Amino acid sequence: MNRIFKNGYAVALATLALAFTACTDEYEYDPAAPETGAAGAYISADETTFIFTQDEEPIITFTVERHDTEEAKSYKLFYTSDDPDVSIKDFPTEVSFAAGEESKTLPVNLTLPAGTIGKEIVIGVNDEDAYVYGSKSMTFTVSVCRRVPGAMFYTRFIGDGTHGSLWDAIIYEYGKTTSQRTDTEGNPVTITKSTFYLKDPYNLQATDENGNPLYNEDGTPQTIFGDNGVGYGLTFTISSSSHRAELGSNPTLFYADATVTDDPAFTGTIIPSGDGTYYPEGEQVTLEPGVTAENVVVFSWMLQIGDTGAGYNGVPHAILFPKGYDVIDQSGLPVQGEE
């Protein structure tokens with residue numbers, strides 16, 4: 001699926017846009033050395049921030065361009081990484097142009113472990129081949145989010161209003177940040193923000209009248225929303241403070257909006273209607289009569305129907321993390337694909 005976020009990690013902690021494709025308009029680059037002639041090449045790219053899940057192939061693309069296209073010519077390339085565990089497979093150390101050819105876009109496959117967040121790779125043209133007025137190199141920020149197995153998604157949007165439905169949640173860790181501050185009395189306070197990506201929350205597989213699962217022609221599962229049940233997601237952040245009074249009785253959830261479907265008959269835009277609450281292990285919360293949970297995030301959404309103005313306000317939802325998983329530290333259980 002090879003998708004990427006639309007914003008960088010700093011933006012994700014507050015209001016990430018929710019398509020899993022991405023680009024950024026700002027990038028870092030090094031200009032070519034002034035002694036290089038106008039016959040050199042330079043680097044460009046539509047996207048410089050790439051965030052993959054561990055279930056995707058981490059491929060990024062960049063373009064080598066030149067202004068002087070009169071002759072066939074080859075240009076030497078390089079890359080550097082700020083982490084020894086992050087590299088590029090079979091990196092093309094040289095790119096060749098035919099006479100009249102102006103640009104070439106090159107896909108490269110990354111090697112980086114799941115759980116890599118916000119690492120930088122610099123791709124560029126060697127000094128002797130760089131165009132004097134172009135960007136000699138560009139910096140790409142890459143992440144691979146680990147999946148949390150055993151998580152569940154709950155909603156009363158599918159149910160009778162009192163009782164809801166529960167199914168497997170597709171959740172990935174999106175890193176954490178820790179900051180230090182002092183309270184009003186000068187005491188040190190540590191605040192941790194743990195961010196997750198929830199993919200395709202309405203992915204519950206559809207069944208026929210006999211309870212048999214239904215599949216599309218390409219073999220993918222049909223969901224309760226048909227094709228509209230997949231292809232989007234949202235990020236949410238849980239904040240924890242060592243001085244709990246600063247965050248209220250429980251750490252606070254922040255989340256962004258998502259789109260359920262582009263069907264004009266059912267727009268299904270999910271609009272956040274306020275912060276939710278995280279209940280850690282040992283703190284029970286009632287989801288519905290007779291059903292309690294812990295290590296759970298509880299929140300509500302407003303679901304809007306098309307252009308009619310009609311919708312559902314404050315629909316209860318919850319994300320249930322597996323027992324033993326430390327949500328704040330993002331640890332405590334092996335993640336999918338690891339022992």
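Quick notes on this structure:
- The range 97-172, accessible surface, carbon-and-sulfur percent (1.4 angstrom probe): 46 percent
- Short-range pairs are left out: with C-alpha atoms under 8 Å and at least six residues apart, the relative contact order of the range 48-114 is 46 percent.
- For the range 135-232, the alpha-carbon radius of gyration amounts to 1.64 times the rule-of-thumb value 2.2 N^0.38 Å expected for a compact globular protein.
- Per residue, the convex hull spanned by the Cα atoms of the range 87-198 amounts to 275 cubic angstrom.
- Peptides 278-288, 133-143 ranked from most to least packed give 133-143, 278-288, packing being the mean of other C-beta atoms within 10 angstrom over each peptide's residues.
- Greater than 32 Å apart at Cα, pairs in K89/K176; K136/K193; K199/K323; K89/K323; K89/K136; K136/K199: K136/K193; K89/K323; K136/K199
- Listed values for the range 52-69 are Karplus-derived 3J(HN,Hα) couplings in whole Hz (6.51 cos²θ - 1.76 cosθ + 1.60, θ = phi - 60°), namely 10, 8, 5, 8, 10, 7, x, 10, 10, 10, 9, 10, 9, 10, 8, 9, 8, 10, and x replaces Gly and Pro.
- Peptides 183-192, 321-330 ranked from most to least packed give 321-330, 183-192, packing being the mean of other C-beta atoms within 10 angstrom over each peptide's residues.
The values are calculated or read from the model by the stated rules, or taken from the named source; none is laboratory data. Source: prediction; values computed, not measured. Cβ: placed from backbone, ideal geometry, glycine included. Neighbour counts: every protein chain shown. Calculation scope for accessible area: heavy atoms of the full protein, side chains included, ligands and nucleic acids excluded. Shrake-Rupley method; radii C 1.70, N 1.55, O 1.52, S 1.80 Å.
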